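In what follows, a structure is listed as structure tokens, so that the remarks can point back to it.
The values are calculated or read from the model by the stated rules, or taken from the named source; none is laboratory data. Note that the structure is predicted; figures quoted are calculated from it, not measured. Here the Cβ positions follow ideal geometry from the backbone for every residue, glycine too, while neighbour counts run over all protein chains shown. These area figures cover heavy atoms from the full protein model, side chains too; ligands, DNA and RNA do not enter into them. Shrake-Rupley method; radii C 1.70, N 1.55, O 1.52, S 1.80 Å.
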Amino acid sequence: MLVEDLMKNNYLITPAAYYLLEPYYKRDFTLAELIKFAKAKGSFVITSSIAQEFLESKGLIVTASGSDSVEASEIGDGESSISTGDTGVEGQLKHPISENASENGVFSGGESLISTGTEVVDSVTESPSDVVESNTAGASLESLPVEMGGSEDTGLRVDLEPSGEISDEPEENGDEENGNGTKPKIVYGDYGVPIAYVEEEVPEVEKSYSVYEDVVIAPNPEFHYRAAETPDESEVVFDVKDVKLSPPKASNAAGKEGEFLVEAYRLYFRSRLKKMRRIFRENPEIGGIIDIGKLSYVQPGSEVTVVGLLTDKRETNKGYVLELEDATGRIKVFINKDREDAKLVMSIMHDSAVAVSGKYSGRGMIFADHLYLPDVPKVRPPKPPLKEKVYAVLLSDIHVGSNKFCEKAFEKFLEWLNGNVENETHAELVSRIKYMIIAGDAVDGVGIYPGQYDELAIPDIFDQYEALANLLRNVPKHIHIFIGPGNHDAARTALPQPGFYEEYARPIYRLKNVTIISNPAVVRLHGRDFLIAHGRGIEDVVTEIPNRSHHRPAEAMVELLKLRHLAPTFGEKVPIAPDPEDLLVIESVPDLFQAGHVHVMEHKVYNGVFVINTGTWQAQTEFQKMVNIVPTPARVPIIDVETARLRAVVRFDEYCEGV
Ligand code: D5M
Ligand code: FE
Ligand code: ZN
């Protein structure tokens, strides 16, 4: 079969491409021919455009000219079948192939950096610890004179003796060939790539894996928790579940699903624009905003300011041409390269909002003097001090159920939380921890990426949540845990994700000290706002913005913060649900912005906002090896809630095999 044959050769194929090629495979072309063609294109993912070109080159199909409208069934299949700008305001669906064709190297649209195999390797020279060694000014560890643990200001390596070794659980789920000889059936996962899983008729066998029932950590009876006496002052101030959405009404019961979706996305982008205009209005530098549709009433040569979503950008000899769209029309904007603000062009992602001021030419073009990103104000007003110091630990991407989950390290971390600490410095940290936030990918899930089945220690999603709960019940009860979903969790795939599906994740819903939050969510701790998102938007940032990389996720998160949106670009990597309201807009400026997803810990401060990617508890998977993702597992950042800044990073990675 084509998919399997490609996977054996480390090539991937998108569903749309598969359906194009399948009928001809082996009859009209060989695997080697296809791979050779993809290789020449520099991609190891066979996309529908590659497939199409390949079939054309073999004379098997002739392309129809023009862009066809997309069938409703294609929407959201992970490939970029819809290009937003057009959808948003005009309600038109256009095929992306024609869009991307005009793009030059600078604004590489289509494929992700990481899906292009070998060249990427060269660009990554940092070791994980280089990445973590941070940009944070004043991550106040001066008061922690001991155990600076090798890595600069933030590294506080835990010096635990390997006493009382946790017995080596056999964690592999039995065998290589899925045990019972059942042939895997191909299905398609989140990223629109094929994944394999075994059909459900597999007879129930005695579980050959642990779900950590035996992990029962004895709290240190001597230990004094100050945080147990500090009142819980937490509140979820934004959760997707609390927002009442009224979907558009289908005009009549026989209305096509496609039309309904177009209307839904039209409302979605209208909502984005409205929210963004509100943000721009708070910026005193920006004057009165005029609707693009009203420009025709404006005297040519007048100074105007418009706000629109970026539908296209091109580089010319002298500058850049941007195409913006609002609810009333489209406009071209030219900015000369000599202008100071021309530098901002790189940061404007497709479908993100930008404000432009300049001279209206009278012929559908504005010559821009200034560009403005929504951005956040330069300084944050100070917040009143707290009576008692209180800390929060931020985690993400635990991936329970993966055989690369660093279970020993996690157990060591739990022991540490239970007061089994080496010295006073650690005791102080543990004693004041009052909150734990987990920003998605709590479990590894099932069928998420190619070949995942072979890397699962717990191949059952119910058991994965059981296992997670068995671990988390060892977190001291006075620590309030907030958990939101990621793309590996049992939750809606598209963003925003309201929460975990209750029927799968019941064991964590049952834990008394756990609050399930949505992705994204804002949790207010003692008056400080923590914006929590899983962080899939980072994938689009590194694809679209030059010099941004998975290896430096805090920088990518700053780009999102500047655009005040968690996943601006529609129709690329990140699926966005057609909600009538855009809940991914960062409407109010947080004190701290946490994300995960890319498995690399990094933090920095941007305009007073503490931005942190909290890494992972999963060692490098085979798939990540293939796409050159080097994780930094088992590091626990501890946040001083009062300042919303890093207090320390405690490292358990020495217990994580494979690191
Ligand atoms: O994501 C872990 C990392 O792996 C993150 O950097 C995204 C990347 N990733 C995972 N799967 C893919 C595919 N199929 N294409 C591109 N990049 C991918 P996690 O959500 O934990 O799997
Ligand atoms: Fe993850
Ligand atoms: Zn993820």
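Which pairs do you get when a residue that is under 27 Å from PRO384 (Cβ atoms) and aromatic (Phe, Trp, Tyr), found in segment 511-539, comes within reach of a residue that is within 16 Å of ligand 1 (Cβ to nearest atom) and open to solvent by less than 20 Å² (accessible area, probe 1.4 Å), reach meaning Cβ atoms under 7 angstrom, with the pair 6+ apart or on two chains?
These pairs meet every condition: PHE530/GLN594.
So TYR449 clears everything in (1) in a loop (DSSP other than H, G, I, E, B); (2) at pLDDT 95 or above; (3) among the hydroxyl-bearing types (Ser, Thr, Tyr) except one condition, right? Which one?
Here TYR449 meets the rest and fails (2).
For segment 449-459, how many residues meet the condition of being open to solvent by less than 10 Å² (accessible area, probe 1.4 Å) and either without any contact (Cβ under 8 Å) to a residue 12 or more places away in the chain or within 14 Å of ligand 3 (Cβ to nearest atom) (or both)?
Summing the residues that are open to solvent by less than 10 Å² (accessible area, probe 1.4 Å) and either without any contact (Cβ under 8 Å) to a residue 12 or more places away in the chain or within 14 Å of ligand 3 (Cβ to nearest atom) (or both) in segment 449-459 gives 1.
Provide a single number: the residues in segment 548-559 that are free of Cβ contacts under 8 Å to residues at least 60 places away in the same chain and either polar (S, T, N, Q) or in contact with a Phe, Trp or Tyr (Cβ under 8 Å, 6 or more places away or on another chain) (or both).
2
Filtering segment 426-448 down to residues that are within 16 Å of ligand 3 (Cβ to nearest atom) and in contact with a helix residue (DSSP H, G or I) (Cβ under 9 Å, 6 or more places away or on another chain), which residue is most open to solvent (accessible area, probe 1.4 Å)?
Among residues in segment 426-448 that are within 16 Å of ligand 3 (Cβ to nearest atom) and in contact with a helix residue (DSSP H, G or I) (Cβ under 9 Å, 6 or more places away or on another chain), the one most open to solvent (accessible area, probe 1.4 Å) is VAL446.
Give the residues of segment 327-341 that are open to solvent by 30 Å² or more (accessible area, probe 1.4 Å) and touching a Gly at 6+ places or on another chain (Cβ under 7 Å), sorted by residue number.
Once the filter is applied, which keeps residues that are open to solvent by 30 Å² or more (accessible area, probe 1.4 Å) and touching a Gly at 6+ places or on another chain (Cβ under 7 Å), segment 327-341 yields THR328, LYS332, PHE334, ASN336, LYS337.
Go through segment 536-548 and give me each residue that's more than 16 Å from ligand 3 (Cβ to nearest atom) and either open to solvent by less than 30 Å² (accessible area, probe 1.4 Å) or of a type in the set (A, V, I, L, M) (or both).
GLU544, ILE545
In this structure, does THR569 turn out to be open to solvent by less than 10 Å² (accessible area, probe 1.4 Å), of a type in the set (S, T, N, Q) and within 11 Å of ligand 1 (Cβ to nearest atom)?
When the stated conditions are applied, THR569 does not pass them.
Any residue in segment 47-71 that's surrounded by 14 or more Cβ atoms within 10 Å (Cβ to Cβ) and among the polar types (S, T, N, Q): show its pairings with residues that are modelled with pLDDT under 90 and in a helix (DSSP H, G or I) at Cβ separation under 7 Å, as long as the two are six or more apart or on different chains.
Within 7 Å, the pairs are THR47/ALA17; SER48/ALA16; SER48/ALA17; SER48/LEU20; SER49/ILE97; GLN52/LEU20; SER67/SER98.
Residue by residue, here is whether (1) farther than 24 Å from VAL236 by Cα; (2) without any contact (Cβ under 8 Å) to a residue 60 or more places away in the chain holds:
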{"site": "PHE405", "(1), (2)": "yes, no"}
{"site": "PHE410", "(1), (2)": "yes, no"}
{"site": "GLU428", "(1), (2)": "yes, yes"}
{"site": "ILE438", "(1), (2)": "no, yes"}
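Being buried (at least 19 other Cβ atoms within 10 Å of the Cβ) and either in contact (Cβ under 8 Å) with a residue 12 or more places away in the chain or touching a Ser or Thr at 6+ places or on another chain (Cβ under 7 Å) (or both) narrows it down to one of LEU344, LEU324, so name that one.
It is LEU324.
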